[in-house]
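Enquirer: Quick one: the structure is below, questions incoming.
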Amino acid sequence: MRVISLKLLRDFWQRYPDAERPLRQWYKTTIQARWSSLQDARRAYPHADGVQTENGETLIVFNIGGNKYRLIARIRYDCQLINVRAVLTHRQYADGNWRD
């Protein structure tokens, strides 16, 4: 898989240093992956969930750092592309503003 963008991950772990290690691990895992469905992603991240946005788009939510953080991404399985939309604290995720 190709991941866009590592910059979002870096920006997040600069604000939350304890997130660096699990985000780097997520990145390493995903760039080595060949997923063709959410079920494939769940083999590596069993608690990954597909979530519908208000405009009908399906995003995948990964629990990161022992469920402390959430990484939200759009996955194009046909192109082997992951577009990271947001990395949030659990509280920011619960607020739900990311769904807009």
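Enquirer: Given R₀ = 22 Å, FRET efficiency for residue 97-residue 7 by Cβ-Cβ distance, to 0.05?
Expert: After rounding to 0.05, the efficiency reads 0.60.
Enquirer: Which order do the peptides 28-36, 58-66 come out in when sorted by mean C-beta neighbours inside 10 angstrom, highest first?
Expert: 58-66, 28-36
Enquirer: If you don't mind, there's one more thing I want to ask. Rg/Rh for region 1-54: what does it come to with C-alpha atoms and Rh from Kirkwood?
Expert: Computed over Cα atoms, the ratio is 1.00.
Enquirer: Here's something else I'd like to know. What is the gain in length, in nm to one decimal, between residue 77 and residue 57 on full extension, counting 0.36 nm per residue of separation less the C-alpha to C-alpha distance?
Expert: 5.8 nm
Enquirer: Still on this structure, I have one more. Quote the relative contact order of the chain in percent (integer), defining contacts as alpha-carbon pairs under 8 Å separated by 6+ residues.
Expert: Relative contact order comes out at 27 percent.
Enquirer: Once you have all Cα-Cα distances for region 1-91, histogram them in 10 Å bins from zero and send the whole-percent values.
Expert: It works out to 17, 55, 26, 1, in whole percents.
Enquirer: Here's something else I'd like to know. Evaluate the distance, in nm, between pseudo-label points positioned 7 Å from the Cα of residue 44 and of residue 16 along their respective Cα→Cβ axes.
Expert: 2.0 nm
Laboratory data are not the source of any read-out in this text; all were calculated from the coordinates shown. The shown structure was predicted, so the numbers you read here are calculated from the model rather than taken from an experiment. Because the Cβ atoms are built from the backbone with ideal geometry, glycine has one as well, and the counts that use them run over all protein chains shown.
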